[in-house]
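Some notes on the structure that comes next.
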Amino acid sequence: MSDSQTRWRGERRIRTGAVPEALGESESFLDFQERLSRVSGIERPVLIVGERGTGKELAASRLHYLSQRWDGPFVELNCAALAPALLESELFGHEAGSFTGAARRRQGRFEAASGGTLFLDEIGLIPIEVQEKILRVVEYHRFERVGGSEPVEVDVRIIGATNNDLPTLCQSGEFKRDLLDRLSFEVLFLPPLRVRRGDILLLARHFAARMAMELGWKETPEFSEAAEAALQAHSWPGNIRELKNVVERAVYRTGDPRITEIDFDPFASPFQTVDEAASDEPKRSSARRFADDARTLPEVVREVELDALQTALRETRFHQGEAAKRLGLSYHQFRGLYRKYREELQE
């Protein structure tokens, strides 16, 4: 069996092959992988919840290939990519003549996934009327094509993914509670990159090496200490997808195996006036500024701590208890930091 088979035009992908790689060694990542592995062999629906860019599709793919259905089809559908009127036909297929342009019978994703797994990304965006039909498939394992009356039997495991709060959508009437109950045998929460600090440099080096290979480099890129500090300090709102873009951009732009500059904002205009740039300076990530020079990591950490401490004290009028809360520290932690930099603080 080939590693990749395409049996659908456009978006439809049915893939077989080895378990896709997932890199990480942080506690939150390993805990997630353990839970995923445990539920992979259970023939029940699973929901994957995570922010954008955290790797929900990769997690769903791993669930499939670690399951007993690994040699069956893995069919994906991004429910946000289709208009509501087209989604029902895409999922369940249609009979010839069922609507204008339906010249022949077409198989839907449920039929294509029979014997394997159907991955429904952005499941929270499915219209209520389509949710009704999905519920019947989950309960009875059969459905009718659009414009048809004959039941179609299927054997499908459903994996759903979302970054929405589905219980809240149920309360507002936008998602069926019965369907949520059927699909949530297990709910896996993908950890965002900001709580996977131990994985940031591991992933960055991986993406850098792959980009260098794509560019035909013979040497593996390395990050300066300042660049590593910048990567570690960034908040990563776009998670792994953002990290991949940032690192690949840094590799191709530098043209040198040693990466010293990290650009987190490709939309920053190079044509700003001096005044505009000055006014924008407080908005820039402090980690981005540190990547521009050759300071050591201890020097970078020292400046970050001192700057954060000074800012918190100034904004709270030097009320140490409030400053500790502002920094997310206990009072004893704050006092230790305060004593460390007492001689340099400006009141």
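Each reported figure results from applying straightforward, stated rules to the coordinates on display, with no laboratory input. It should be emphasised that the depicted structure is a prediction, and the values quoted were computed from it without experimental measurement. Every residue, glycine as well, gets a Cβ built from its backbone with ideal geometry; the counts of neighbours run over all protein chains shown.
Extension gain, Glu315 to Ser330: 0.36 nm times the residue separation minus the Cα-Cα distance gives 3.6 nm. Once a ≥ b ≥ c are taken as the square roots of the eigenvalues of the Cα gyration tensor of segment 43-128, is the result rounded (a/c under 1.5), prolate (a/b larger than b/c) or oblate (a/b not larger than b/c)? Oblate, since a/c reaches 1.5 and b/c is not below a/b. Residue-wise HN-Hα couplings along segment 245-259, as the Karplus relation 6.51 cos²θ - 1.76 cosθ + 1.60 with θ = phi - 60° gives them from phi, are 5, 4, 5, 4, 5, 5, 5, 6, 6, 6, x, 9, x, 9, 9 Hz; Gly and Pro carry x. The packing ranking, built from the mean of other Cβ atoms within 10 Å per residue, places the peptides 45-54, 32-41 in the order 45-54, 32-41, highest first.
The mean sequence separation of alpha-carbon pairs under 8 Å and at least six residues apart, normalised by the residue count of segment 27-191, gives a relative contact order of 34 percent. Full extension of the chain between Gln107 and Asn163 gives 17.3 nm of extra length, using 0.36 nm per residue less the Cα-Cα distance.
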